[in-house]
Amino acid sequence: MSKHSSATCVDNQQEARMGADSSSEEASGTWFYTVAVGRRTGVYSIWLDAAAQVCGYPGFKLKTLRDYSEALAFVKENQLEGQEEEHEITFGETEAGADPGPEHPESLVTFCDGSVLGFGQPFCNGGAAYACIFPHRREWDEVASVAGSEVTNTHVEYLAAVAAMERANYEDPSGEDVLFIFSDSLVLIDCMTSWVSKWQSNGWRTAKGRAVKNRETIERLVNAQGGRRVLWRHVKAHTAAEDWASHWNSVADTEARGTAGTNASCL
């Protein structure tokens, strides 16, 4: 599959994934997402990383391939002169000058989650909270309660990401370091990688003409990101898996639920 477009963003992530089940982490080792023209060209093993390079980039060239050598050839044959190139990156196998992977102890990485408990249930006072956990810098962790009678899960997920970006900006004010944000919320990830550019150009209206919910918080997210390169990673929730990403997602979930639970009560 190849995309050649001057559109403001990849029109639809599902359309852009045609021919590959790239919506899951398991598929990332099977397909290679090849950016020949974009912010940073190269071969990516994760769809969201590749999408971040072409979203809003005029005349981008993106192709999904099975063979890594073919992917490299596509970049070399179609790359514009002067384009910055980036190859597939994994912890422990980085090229000189390349970004280390998220498991590298010097990487800027956060796991974001939110929890809403008890709202809408009879005779209950609801509780809500978010957590952003920095596995390599636990002293940066932020876990906080969220007040309000109409708080939603989506809202607290957004707030967790805001807190993560603001902390990253405080610790790295230059914005030079890549920020990896892991979340089990596809709504949050799709919002920041696909939808927000359309909403901005459409006066903060959805495709159906409705006002975008949580606009104020989303604008905070956009402003907090600024020019920083953010790589969004989806991690499945509540899997009880023991891999690195699942472990830290569970930590974020436990922290958010625990804090939300302290404020929730039912008769």
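Within the stretch 167-184, track down each residue that is in a helix (DSSP H, G or I) and exposed (fewer than 15 other Cβ atoms within 10 Å of the Cβ). Listed by number, the residues that qualify are TYR170, GLU171. Only a single item in (1) assigned to a loop (DSSP other than H, G, I, E, B); (2) at pLDDT 75 or above is not met by GLY97, and it is number (2). Pairs linking a residue in the stretch 194-215 that is within 20 Å of VAL156 (Cβ to Cβ) and at pLDDT 90 or above to a residue that is of a type in the set (Phe, Trp, Tyr) and surrounded by 12 or more Cβ atoms within 10 Å (Cβ to Cβ), with Cβ atoms under 6 Å and 6 or more positions apart or on different chains, are VAL212/TRP199; VAL212/TRP204; ASN214/TYR158; ARG215/TRP204. Only one entry of VAL109, VAL151, VAL116 meets the criterion of being at pLDDT 70 or above, over 16 Å from TRP248 (Cα atoms) and outside any loop (DSSP other than H, G, I, E, B), and that entry is VAL116. If you go through the stretch 35-71 and pick out every residue that is under 19 Å from MET192 (Cα atoms) and among the small types (Gly, Ala, Ser), you end up with 5.
Going through ALA207, ALA241, ALA256 one at a time, which residue ends up being loosely packed, with under 13 Cβ neighbours inside 10 Å, over 18 Å from the mean Cα position of the chain (by Cα) and either assigned to a helix (DSSP H, G or I) or of a type in the set (A, V, I, L, M, F, W, C) (or both)? When all the criteria are applied, what remains is ALA207. Looking at ARG228, is it touching a Leu at 6+ places or on another chain (Cβ under 7 Å) and assigned to a loop (DSSP other than H, G, I, E, B)? Criteria met by ARG228. In the set ALA245, ALA224, ALA252, only one residue is farther than 16 Å from GLU157 by Cα and not polar (S, T, N, Q); that residue is ALA245.
In this structure, VAL187 does satisfy being under 24 Å from TYR57 (Cβ atoms) and not in a loop (DSSP other than H, G, I, E, B). Would you call ALA131 modelled with pLDDT of 90 or more and in a helix (DSSP H, G or I)? Judged against the criteria, ALA131 is not a match. Residue check, VAL143 against (1) assigned to a strand (DSSP E or B); (2) over 20 Å from the mean Cα position of the chain (by Cα); (3) at pLDDT 95 or above, all met but one. Which one? Here VAL143 meets the rest and fails (2). Of all residues assigned to the stretch 69-89, at least one qualifies as being in a loop (DSSP other than H, G, I, E, B), over 21 Å from the mean Cα position of the chain (by Cα), at pLDDT 55 or above and under 22 Å from PHE32 (Cβ atoms).
Only one entry of VAL222, VAL196 meets the criterion of being of a type in the set (A, V, I, L, M), in a helix (DSSP H, G or I) and surrounded by fewer than 19 Cβ atoms within 10 Å (Cβ to Cβ), and that entry is VAL222.
The values are calculated or read from the model by the stated rules, or taken from the named source; none is laboratory data. Treat the numbers as computed from the prediction; the structure is a model and nothing was measured. Methodologically, a virtual Cβ is constructed for each residue, glycine included, from the backbone with ideal geometry; neighbour enumeration extends over all protein chains shown.
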